[in-house]
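Notes to accompany the following structure.
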Amino acid sequence: MDDQQNKKIIITISLLAIFAGLTVMVGWIFNLPALESIIHGFIAMSFNSALCFVLFGTALLSTQYPNSKYHRVLFFLLSLVGASIGFITISQDLFHYNSGLDQLFVIDKTIPSPNFPYPGRMAFNASVNFSFLGLGFLLVMSQKRISRILSQFLFHMVAILSAIALIGYLYGVSFFRVLLYRTSMATHTAILFFFLSIAASLLNPSIGMVRLFTGEKVGNQMARRLFTLMLIMIIIFGLFRIPSQNSRSLPSLDIEASLLAVGFLMVSLLLIWNTANWLNGIDKKRSEAEDAVRRMNTGLEKIVEERTAEYQKSEEKYRSLIEQASDAIYIIDNKGDFTDSNASMCKMIGYNREELLQMNVASIIDPEELTIDPVPDGVNNKWASVIRERTYKRKDGLTFTVEINAKLFADNRIMVIARDITGRKKMEAELREAELKFRTIADKSMVGVYIAQKGKFTYVNPRFAAVFGYETEELINTFPVETIFHESFRATALENVRKRMVGEVESVHYEAMGQKKDGTPNWVEFYGSRAILGGEPVIIGSMIDITERKQAEEELKSSELKYKLLFESSPVPMWMIAKDDQSIIAVNDAAASMYGYQKDELQRMNARDIRPQEDREKQLDGYRNDINTTTPELTVRHLKKDGTLMFIHISARDIIFEGRPIRLSMTLDITEKLQAEESLKKSEANLQTILKNTDTAYVLCDPELNILAFNPKSQDFVKEQYHDILAKGEKLSAYFPKTRFPRFAEYTREVLLGNTFSYEVDYPQADGSVYWFYVKLVPITDDGDDILGLMVAFYDITERKNAEQHLKDAYGRIQAHIDSIKEMAWKQSHLIRSPLANLKGLAAMLKEDPAEPTVFEHMEQELNRMDGILMDMAKEASHHD
């Protein structure tokens, strides 16, 4: 059985399994009992069993279409799902639990019974077979041989289990139907398992029992015939037994055994008769073939005798022919040793005949060639009618190329005819080189090359085809030559072709309008000459696409008018001056207006007339030099008609006008500009003087805080405070301590938004003193208010800050002194108030009784106390001083 037969079997069984599974699934989904059992009278197949048959049938079918992008992934997923259903069902039976898988998809309303306790669950044997199939499918994906052997073993196990179940059904043996468990699988389930396992085993036809039935040898054919007849015998016996079981009058066991023995004997006799006839047929064919061979040998022996006689007669002719042949001829045996050679061979190789007969053919072949292309070892098909090239080595060491023609004789000798083709190889190499040069030049040329014969192109190079929008294959031997011409030029082109083909002219050169493949016109220039190739006239020529040149000519004509208008109407003074004598050829109105002349006046003048006398020699030197491009900055002095001196900026270029060298120039009056620049230089000098002598440090930065410029004061500041050297291009942040820069960065962001910012900052010194600086950040803007950067100004305000601090300290001391005076005044006034109040009281008492002596004593005492208080006040006042 070949692979194609195996493929047909696999596809057929896969489709059968899928169809059967889908039929049962439809029966369960739509409650159609007839479809659930497939075959009338059989028990119903479970929904999960039908689903597994669909999964495995689809997986098996996918193996026959390996070109699909996802066939391996599909095969793996389908096999894994089917195996999982089988393993879960097995685990439910072994461990006595219900996972819900049995009625996951459909509900089986069958009433549970001791023999069928779980409605919807597939038979234990069926779950085992599905597990074996799934595991076998997963293993067959592996490239390892051990995995494929295991998968084939699993497929055989499924076939055996299903076959045992079928035999049990046929012969009424319940043990065979149950085998592994108390529930048995349905008959049609066993049939599907049997065929599905056989189809799966065909995936590895060289492994297991399958190779016994798939080979093409006699033993394989006999195995297929005997096994098929044995299966038929078993099925027939089983079918005979089923009606007998269903009949009312059952025969005894002895009668059944006798009938079985007689039937087995008759079928065995039939098998022996069939096999014997088949083997006898093979033996008969073998005998007929042997008789045909014997008759053929007898005829051949007669032919050999006749040919031997003829050979002996022709041997002398053969030897004479070989010796007189101009080609080198030699004969070697099956080991490559020389057995004969002619004179031409000896002359070509430089050895005499006796020397050659002692050598091997490998000794005359270039050793370098032998390493990559050795002489065939022994006599084989490589020597049969071989024509090839070899590099031989002469006796003097020189190598040369030969063409050999080897012929194998019946006695395993090889005759070789060798011809020196060194000259031919050289000629071929030169021819190939010339062809390559022509092809390279033609194919890579920017000029179109063509050959036309009999009204069609026989060759065009890629450039020729590209000009007309074709591929080269589209033009060669397809369209008439006039196809590439515009209809208005086709008659002219055909006439030019005719003249050359009939010999009226040898060559032509003309311009014509072409027509591209898409209908677009273009302009081409043709060169073509008449030649003879193969005895027939042809036209060989070249073609140039001049579409751009034609357009350029048209544009030149148009641009001449444009440039004339531009020259005349330009607001910039323009001049055309002859280089040889400096005569003014042409000027525009702007030039005449700026210099105060009329145009015709200037055109009668010389360029020297508008230059001061002392500059004319320098002007003459300038006209002697050639200008290849527009001149750089060139400033000269010119005179107006009224004698006013002007400073002129000149841009010039040398051109050829009407065959005469001309200098085309534009003149701009930059007198006011130079004056403004002079003023600006003075302002710049003044500004630099101010910056160098100011006490304020200035630093200019771009928006990224790269330093653009600074003055000497800023250098001193950085050196003193940061001990660093200020440099252009550096980041300003490089000179700030990490503790200060974040706040400074916040200030710069505000400034870059257009705001001016200022603040004061202190710099403590090593000696304990503090320097103070006033910092001002100002945005730098252009005329359009675009911010170009910022300026940082540092001004030393240490003296002002110190003076302010001294003033604050003096103010504090004065305030403290005033406070102490206030405190002293309050204190003394409080102390004086007490004796004074007492004196006032004593005075009142004295008015009532002037003679009371104690009053005067008390008054004297209070007066003394007041005097002491006043003395203390005086002392305390002296301390505050």
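The values are calculated or read from the model by the stated rules, or taken from the named source; none is laboratory data. Bear in mind that the values here come from a model prediction, so they are computed numbers and not experimental data. Glycine gets a Cβ as well: all are built from the backbone with ideal geometry, and neighbour counts include every protein chain shown. Just so you know, the surface numbers come from the protein's heavy atoms only, side chains and all, with ligands and any DNA or RNA stripped out. Shrake-Rupley method; radii C 1.70, N 1.55, O 1.52, S 1.80 Å.
Observations on the model:
- Some residue of segment 794-801 being in a helix (DSSP H, G or I) and farther than 23 Å from Asn693 by Cβ: yes
- Residue in segment 421-438 that is open to solvent by 40 Å² or more (accessible area, probe 1.4 Å) and touching an Asp or Glu at 6+ places or on another chain (Cβ under 6 Å) present: no
- So Arg604, is it without any contact (Cβ under 8 Å) to a residue 60 or more places away in the chain, open to solvent by 20 Å² or more (accessible area, probe 1.4 Å), of a type outside the set (Asp, Glu) and within 30 Å of Gly643 (Cβ to Cβ): yes
- Test: residue in segment 515-527 that is assigned to a strand (DSSP E or B) and at pLDDT below 90: yes
- Failed item, numbered, when Ile29 is tested on (1) over 22 Å from Leu135 (Cβ atoms); (2) open to solvent by less than 80 Å² (accessible area, probe 1.4 Å): (2)
- The single condition among (1) in contact with a helix residue (DSSP H, G or I) (Cβ under 8 Å, 6 or more places away or on another chain); (2) more than 14 Å from Gly541 (Cα to Cα) that Phe479 does not meet is (1).
- Condition check for Ala531 on (1) more than 46 Å from the chain's Cα centre (by Cα); (2) modelled with pLDDT of 90 or more; (3) closer than 26 Å to Arg439 by Cβ: one failure, at (2).
- Top-ranked residue of segment 396-418 - restricted to ones that are surrounded by 16 or more Cβ atoms within 10 Å (Cβ to Cβ) and not aliphatic (A, V, I, L, M), ranked as nearest to Ile349 (Cα to Cα): Phe400
- Annotation note: of Leu51, Leu94, the sole residue that is modelled with pLDDT of 90 or more and outside any loop (DSSP other than H, G, I, E, B) is Leu51.
- Residues within segment 577-601 that are in contact with a helix residue (DSSP H, G or I) (Cβ under 8 Å, 6 or more places away or on another chain) and not basic (Lys, Arg), tallied: 14
- For segment 554-573, a tally of residues being open to solvent by 70 Å² or more (accessible area, probe 1.4 Å) and in a helix (DSSP H, G or I) returns 12.
- Those residues of segment 406-430 which are in contact (Cβ under 8 Å) with a residue 60 or more places away in the chain and over 25 Å from Thr308 (Cα atoms), in sequence order: Ala418, Arg419, Asp420
- Glu403 meets the conditions (1) touching a residue at least 12 places away in the same chain (Cβ under 8 Å); (2) under 24 Å from Ala328 (Cα atoms); (3) not in a strand (DSSP E or B) in every case but one. The failed one is (3).
- If the condition is being more than 52 Å from the chain's Cα centre (by Cα), open to solvent by 70 Å² or more (accessible area, probe 1.4 Å) and more than 22 Å from Leu708 (Cβ to Cβ), then segment 738-769 contributes Glu760, Pro764, Ala766, Asp767.
- Members of segment 439-457 found to be open to solvent by 100 Å² or more (accessible area, probe 1.4 Å) and either touching a Leu at 6+ places or on another chain (Cβ under 8 Å) or touching a residue at least 40 places away in the same chain (Cβ under 8 Å) (or both), listed by number: Lys454
- Scanning segment 726-737 for residues that are open to solvent by less than 70 Å² (accessible area, probe 1.4 Å) and in a loop (DSSP other than H, G, I, E, B) returns Leu726, Ala727, Gly729, Phe736, Pro737.
- Residue match in segment 770-788 (condition: open to solvent by less than 40 Å² (accessible area, probe 1.4 Å) and part of a helix (DSSP H, G or I)): no
- Residues that are at pLDDT below 80, open to solvent by 80 Å² or more (accessible area, probe 1.4 Å), more than 30 Å from Val416 (Cβ to Cβ) and part of a helix (DSSP H, G or I) are absent from segment 320-330.
- Single unsatisfied condition, Ile821 versus (1) at pLDDT 75 or above; (2) of a type in the set (A, V, I, L, M, F, W, C); (3) part of a helix (DSSP H, G or I): (1)
- Test: residue in segment 583-594 that is at pLDDT below 75, open to solvent by 70 Å² or more (accessible area, probe 1.4 Å) and not hydrophobic (A, V, I, L, M, F, W, C): no
- Exactly one residue among Ala123, Ala83 is in contact (Cβ under 8 Å) with a residue 24 or more places away in the chain, in contact with a Gly (Cβ under 8 Å, 6 or more places away or on another chain) and surrounded by 15 or more Cβ atoms within 10 Å (Cβ to Cβ), and that residue is Ala83.
- If you go through segment 716-734 and pick out every residue that is touching a residue at least 12 places away in the same chain (Cβ under 8 Å) and in contact with a strand residue (DSSP E or B) (Cβ under 9 Å, 6 or more places away or on another chain), you end up with 11.
- Residue match in segment 431-445 (condition: of a type in the set (Gly, Ala, Ser) and either in contact with a strand residue (DSSP E or B) (Cβ under 6 Å, 6 or more places away or on another chain) or in a loop (DSSP other than H, G, I, E, B) (or both)): yes
- Some residue of segment 544-553 being open to solvent by 40 Å² or more (accessible area, probe 1.4 Å), touching an Asp or Glu at 6+ places or on another chain (Cβ under 9 Å), of a type outside the set (A, V, I, L, M) and not in a helix (DSSP H, G or I): yes
- From the options Tyr527, Tyr470, Tyr510, residue that is open to solvent by 60 Å² or more (accessible area, probe 1.4 Å) and among the hydroxyl-bearing types (Ser, Thr, Tyr): Tyr527
- Of the residues making up segment 128-158, those that are aromatic (Phe, Trp, Tyr) and either open to solvent by 50 Å² or more (accessible area, probe 1.4 Å) or in contact with a Phe, Trp or Tyr (Cβ under 6 Å, 6 or more places away or on another chain) (or both) are Phe132, Phe153.
- When Phe75 is tested against the conditions (1) farther than 17 Å from Phe155 by Cα; (2) part of a helix (DSSP H, G or I); (3) of a type in the set (A, V, I, L, M, F, W, C), the lone failure is (1).
- Test result for Asp366, surrounded by 14 or more Cβ atoms within 10 Å (Cβ to Cβ) and more than 21 Å from Phe409 (Cα to Cα): yes
- Helices (runs of 4 or more DSSP H) fully within segment 610-725 counting 3 or more residues that are open to solvent by 40 Å² or more (accessible area, probe 1.4 Å) and closer than 30 Å to Ala586 by Cα: 616-624, 671-693
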